[in-house]
1. Kindly state, to the nearest 0.05, the FRET efficiency for residue 328 paired with residue 137, given R0 = 60 Å and r defined as their beta-carbon distance.
2. State the Kirkwood hydrodynamic radius of the stretch 271-317 in Å, one decimal place, computed from all pairs of distinct Cα atoms.
3. Show me 90-97, 256-263 ranked by packing, highest mean number of other Cβ atoms within 10 Å first.
4. Please work out the FRET efficiency for the pair residue 292 and residue 271, using the Cβ-Cβ distance as r and a Förster radius of 25 Å; give the result to the nearest 0.05.
5. For the chain, what relative contact order do you get, as a whole percent, if you take Cα pairs closer than 8 Å and at least 6 residues apart?
6. Would you please put 172-181, 289-298, 333-342 in order of how densely packed they are, using the mean number of other Cβ atoms within 10 angstrom per residue and starting with the highest?
7. Applying a 10 Å radius around every beta-carbon, put 485-493, 538-546 in order of their mean neighbour count, most first.
8. Stretch residue 396-residue 515 to full length: gain in nm at 0.36 nm per residue minus the Cα-Cα span?
């Protein structure tokens, strides 16, 4: 069995701002520790340092047993586990989560295969023979047997058929399930999982909960799914942001008791700080009294010096840890009046996904679009985000991202004055890359006005993004990127919000702020979600079933079999 030790870890951002301060954590054999904290507090950065992708500025990391890593955005990985320009293949994805020796041998085998296809001379042939021998020596063929089990479990097809498929042909949930199958079945004894439940449908989340509960591996995971945390975590490690960097504390129990434990901890810190301030005031008053007396009585000089020394030592020891500042995210989604029928679908069939269906969505409706991965939910939202089947000018999306076409028959039509605003599940915004948040808001675009930097800073502050104002979009955490997407929707004038898994990367407080913002939104909302808590707050539920039917249900369900059982 493996374990993980983090000691005194410190890290500062490129601009010099401290991100992590004196972080220590031990994850013992077989433990399942959840790492939680606000977006931008350094959770993903901490996991990247444990994985060896970043070098800490202070402290050390020790791992016994092999280390398997799932990054936050699994679909963006290249062959070596870093973001790639071209979509990786299924084989590339599986190689990227394999042990290091397998990754190295796979890269060398690929290089040798390319050489023999382009040159095919004697050195290339010898190199290819050596690469094949090395692949066999490190257990490459046994690894391919394991991958075959994984592709059958995750995709329903053998590895031989799946290995050269591009991961861009798989849904986000299929990519996650495939990587999780490989990591959970693989030889690594310690797993780092960054948002492993993102993109998984509800049956997939339940599968993951059971797998983690039954698996003997040591796990450190980041997740914002409260139900998954309650089912899986044996301990909860919390990063609390501070001016000198985030610090970490550990709740020794499960997630069910974490909120109460955090409240009690904050109360203790408040009491300790109050006592420290009182003692500091007493020592300072005493020093000042002796100073005044020593000014006219030389015999008091020694007592004055002693009081100075005592005060200095007290101040050098420093105050107790500050109580963590609570986030104050305020989302002011506005909307606007539209036609009574905001969305009308007549005989709409998503080619190869769903049978024809009719649907009417009225102004002000809050519709949760539910179903398993691959059932067509995201395709449906993308069709509406493009303005429907034959969009009028007023129906063009208020976004810098042009949705890809969706093959369909029948009609999807938007009502008068309906302007779709699309929250993309993958956070892909090419126009935002390389630009800081202040720059994005200052320049504006064709859908929203630019604003002075002081106004942009105030808006970012409402979304708890002010400290990240000078960071580039791609350097933000997944949760910060999600908050910025929502902010851009707020500024765009959208009257129809099309949200594809909006809470996947949001911390708990931000998810609650989004719900409050949607409650106040004067418009229509359709949201694809596998967040069981978030879905319960909607008033209509449309199920895209695995059997290819679209039907409304009176409560949130994710598979048609449960609907039939309920009846």
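None of the figures in this text is laboratory data; all of them are computed from the coordinates on show. Here the structure is a predicted model, which is why all the values come from computation and not from measurement. For neighbour counting, all protein chains shown are included, and Cβ atoms are generated from backbone atoms with ideal geometry for every residue, glycine included.
1. 0.55
2. Numbers: mean 1/r = 0.0905 Å⁻¹.
Hydrodynamic radius (Kirkwood, Cα only) of the stretch 271-317 equals 11.0 Å.
3. In decreasing order of mean packing, 90-97, 256-263 become 90-97, 256-263.
4. 0.20
5. On the way: 1116 pairs, mean separation 83.8, N = 567.
It comes to 15 percent, rounded to a whole number.
6. Descending packing order for the listed peptides: 172-181, 333-342, 289-298.
7. 485-493, 538-546
8. Result for the pair: 40.3 nm of gain on full extension.
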